[in-house]
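Just so it is clear, none of the values below were taken in a lab; they were calculated from the coordinates. Bear in mind the structure is a predicted one, so any value in this text is a computation, not a measurement. In this analysis, Cβ positions are derived from the backbone assuming ideal geometry, glycine residues included, and neighbour counts consider all displayed protein chains.
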Amino acid sequence: MKRSCLLSATLILTAALFGWTSRAGAVDAVKIGIIWPLTGNAGAAGQASKAAAEIAADIVNNAHPELGDLPLAKSAGLPNLSGAKLQLVFVDHQGNPSLAQQLATRLITQDKVNVLMGAYQSSCSFTATAVAERYGIPFMVGESAALNITGRGFKWVFRGTPIATDYARTYMRFFADMKKQGKKIGSIAIVNENTDYGTSVANSIIDEAKKANIPVAIRIPYSASSTDVSAQVLQLKEKQPDVVIFISYTADSILYMKTMRNLGYKPPMVIGDDSGFSDPSFVPAVADVAQGVMNRSAWVIGKPGSTTYKINEMYKAKTGRDLDDTSARNMQSFFALADAINRAGSTEPEKIRVALTQTDLKANQLMMGYQGVKFDKTGQNILAATYLIQLHGKKYELVWPDKAADAKLEWPMAGWAK
């Protein structure tokens, strides 16, 4: 009897110890720290991306077999971590690079996140990624375009989005096509906000324009916090370029469109370099004066029944509006990050970093119009790409390249003459 009791006690103790050991080694959740501007001038863009990330987490955490070949959609949680869920920790840098740096430190040292993501404004991504590099934590940049983010020899920073040089080359290919169609492009103008994002993209466009023998009539740097851009618009009006490219955030994009209307200046074509022109508040604010304005985008909703259409329906159910390019690029980068964490089969930073370097997602596994996701030695996705869209009525439609277009390009832009 005593031997039986002793055996039972031993078995119970062994089981308890085994259960405790198994639980100690298990991963219940993987924490992703996300740094975006949730308030301030770019707050609407940050909130739109926040909603996109929450939907992406739901797609990974719960089974969504209807989403085809999208990585991790068919399963619930991360299969290689015993179904562990993704837990999102959002912080608001308010568009302040110093605050972005502080918040990245807090997320790593206090919130103990496993990976980081952000940070919309390139200047904020620049400071936040430096923190991740110092602490040895993987950081996924979903949308920031400045070249210097992945140009510092860092090994912990990865970027899923196209960058400044990709956009500049896209514009030159577009201009070449327009010239073949008989459109006059004697000169272009560049108007850029003067932080890392605007400066980097503008520099890249100027470099590519030189190679394409397209004169730049004028370049106008300005502060994104400007409340009066009349002087800048009058400069454009004097130079009369055939195309004006705006590299602007939300408030300034809207301000420029309204000021152009007020001063009676309408160039043949305006191209917005995403950002403010993709912000959810842009179209409601200026659609009546910005008809025909073009924008870059790698996101297309797609036909009913397609994976992209289904994702957009999920986003629309949550927010009441369609997914925009910036939010979609963030969602795509989120999926690439989640895929790497799963392949790592661990929350150890080094294993996740190695998995990111081995990423090789194909076009059919993506929700964006990229050729794939594959990072070079700098952490840049070398297979990223973009389209050009145009504002028709209350929505943007894909108009270039021709082989992918679902609407006809209107040239010159109508502006407010409708």
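Brief remarks on what is shown
- Ranked packing of 330-336, 160-166, most packed first, by mean Cβ within 10 Å: 330-336, 160-166
- Averaging the sequence gap over all C-alpha pairs within less than 8 Å and six or more residues apart, then dividing by the number of residues, gives the range 273-380 a relative contact order of 22 percent.
- Relative contact order, whole percent, for the chain stands at 17, derived from Cα pairs under 8 Å and 6 or more residues apart.
- Helix content alone sets the calculated 222 nm mean residue ellipticity of the chain: runs of n ≥ 4 DSSP H residues at -39500 (n - 2.57) each, divided across all residues, give -13500 deg cm²/dmol.
- More than 17 angstrom apart: percent of Cα pairs within the range 296-335: 22
- Where N is the number of residues in the range 57-191, Cα Rg divided by 2.2 N^0.38 Å: 1.37
- For the residue pairs 266/394; 50/377; 310/374; 318/395, alpha carbon separations beyond 27 Å are given by 50/377.
- Dipole magnitude of the chain, debye to nearest 20 (Cβ charges: Lys/Arg +1, Asp/Glu -1, about Cα centre): 560
- Under the Karplus curve 6.51 cos²θ - 1.76 cosθ + 1.60, θ = phi - 60°, whole-Hz ³J(HN,Hα) for the range 272-279, x wherever Gly or Pro sits: x, 8, 6, 6, x, 6, 9, 4
- Computed with the Debye formula from one identical point scatterer per Cα of the range 117-207, without solvent, the log10 of I(q)/I(0) at q = 0.16, 0.21, 0.24 Å⁻¹ comes to -0.67, -0.95, -1.13.
- In the structure shown, the pairs 180/408; 85/351; 180/403; 155/362 are assessed against 20 Å; a Cα-Cα span above that value is assigned to 155/362.
- Where N is the number of residues in the range 334-392, Cα Rg divided by 2.2 N^0.38 Å: 1.30
- For the range 52-127, averaging the sequence separation of C-alpha pairs within contact (under 8 Å, six or more residues apart) and dividing by the residue count gives a relative contact order of 21 percent.
- Near residue 220, the amide H atoms lying under 5 Å from its own belong to 190, 191, 192; only residues 5 or more places off or on other chains count, and H is placed 1.01 Å from N.
- Column: log10 I(q)/I(0), Debye, Cα scatterers of the chain, q = 0.06, 0.14 Å⁻¹: -0.26, -1.23
- When both the range 237-302 and the range 154-190 are represented by their alpha-carbon centers, they are found 16 Å apart.
- Of all complete DSSP H helices in the chain, those with a Cα span along the helix axis of 15 Å or greater and a mean Kyte-Doolittle hydropathy of 0.5 or more are 2-25.
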